[in-house]
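The values are calculated or read from the model by the stated rules, or taken from the named source; none is laboratory data. What you see is a predicted model, and the numbers here were worked out from it, not measured in a lab. We place every Cβ from the backbone using ideal geometry, glycine too, and count neighbours over all the protein chains shown.
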Amino acid sequence: MNLSRMPIAFGATLLFLLSLCSLTVGVSDIFDGNFTANIDLIFSSRLPRTLAVILTGASLAIAGLVMQSLARNRFVDPMTSGSGQSAALGILAVTIFAPQLPILIKVVFASFSAFLGTSFFLALIQKLSPKDPYIVALFAIIYGGIMGALAAAIAWHFDLLQFLDVWMNGEFSGIMRGRYELLWLIAAVMAAAWWVADRLTILALGRNTSIGLGLNYKMTLHIGLVIVSVVSGLTVTTVGVVPFVGLIVPAAVSRILGDDVRRAIPVVALGGATLVLISDLIGRIVRFPYEVPAGTVMGVVGAAAFLALIFNRSFRHA
């Protein structure tokens with residue numbers, strides 16, 4: 001087997017095995033002999049949940065890879081750098097002023113709000129020193145915290161804190177057939193990321209260098225922003241914020257495969273899907289028959305991994 005394909009083969013096999021586990025873990029025992037009821041349970045609840053987890057993890061990891069290229073920093077992630085919080089602000093605005101609008105329109109507003117929030121973040125970090133990635137990482141967390149606090153203040157004023165908590169803490173327990181299908185739109189976004197992958201690799205070299213190499217810098221930047229924003233809008237609207245996936249997976253993959261975005265995308269997608277699926281399984285098992293949200297599990301795991309990256313000298317100039 002080609003050595004370059006080994007991570008993909010291993011990741012696909014692991015993801016398949018974890019998916020089988022996901023179909024069997026739950027309060028109801030699917031091996032109790034009631035074939036008809038169990039088949040209905042699998043196709044109405046557990047399979048949609050598993051697919052939603054895979055789509056969410058893969059898309060967040062790819063969005064993180066794209067955002068790291070836009071920011072030229074390995075310590076940024078859409079869900080902790082303001083994109084997810086901005087998407088929640090967009091949904092909150094629709095809920096306040098036009099709660100009767102369909103879910104697709106809420107996704108559009110969430111994506112547009114995420115686009116504005118991410119654009120503002122990228123504009124602000126241009127003022128920071130690119131020589132120290134830790135400054136950008138710290139600013140990203142502060143910026144995400146400010147956007148989250150703003151959303152919380154507005155939600156408190158309109159007595160919507162309970163709704164905001166759903167959007168800000170990703171979990172999959174409510175996913176059923178008919179409640180997750182919008183996530184399939186993410187497939188088109190991931191295809192767009194593959195389409196512009198080579199341009200994103202050049203973009204990460206910096207504005208002057210990429211323009212000197214003939215890249216349409218503004219167009220590529222805007223395409224990248226749209227990818228990050230749509231993923232943020234779709235995931236926050238459907239399952240909520242799942243932090244750190246878009247940070248630790250692309251950062252780890254880049255250490256192994258380098259900065260070639262096209263080469264990294266398949267491995268990043270598999271890594272993100274696998275990581276979120278593991279987090280979801282842990283959340284379902286650790287307090288069985290109750291559940292811990294996958295976003296909470298990822299917050300703990302991701303924070304530890306983030307600190308490990310911070311103290312790893314090989315990432316200092318990433």
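I need the full set of residues from segment 191-200 which are in a helix (DSSP H, G or I) and either touching a strand residue (DSSP E or B) at 6+ places or on another chain (Cβ under 8 Å) or crowded, with 19+ Cβ neighbours inside 10 Å (or both), in order please.
Within segment 191-200, ALA193, ALA197, ARG199, LEU200 qualify.
Here is the figure for segment 278-304: residues that are surrounded by 14 or more Cβ atoms within 10 Å (Cβ to Cβ), part of a loop (DSSP other than H, G, I, E, B) and of a type in the set (Val, Ile, Thr) total 1.
The set of residues in segment 259-318 that are modelled with pLDDT under 85, over 23 Å from MET67 (Cα atoms) and not basic (Lys, Arg) comprises PHE288, PRO289, TYR290.
For segment 108-144: of the residues being small (Gly, Ala, Ser) and free of Cβ contacts under 8 Å to residues at least 24 places away in the same chain, which is farthest from LEU182 (Cα to Cα)? Top of the filtered list is SER129. Only one entry of GLY178, GLY246, GLY233 meets the criterion of being within 30 Å of GLY26 (Cβ to Cβ) and assigned to a loop (DSSP other than H, G, I, E, B), and that entry is GLY178.
Residues checked against (1) loosely packed, with under 15 Cβ neighbours inside 10 Å; (2) on the phi > 0 side of the Ramachandran plot; (3) modelled with pLDDT of 95 or more:
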residue	(1), (2), (3)
PHE97	yes, no, no
VAL107	no, no, no
PHE115	no, no, yes
ALA123	yes, no, no
GLN126	yes, no, no
ILE135	no, no, no
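Residue under question is SER119, and the condition is that it be of a type outside the set (A, V, I, L, M), surrounded by fewer than 24 Cβ atoms within 10 Å (Cβ to Cβ) and either under 29 Å from VAL253 (Cα atoms) or touching a Leu at 6+ places or on another chain (Cβ under 7 Å) (or both); does it hold?
yes
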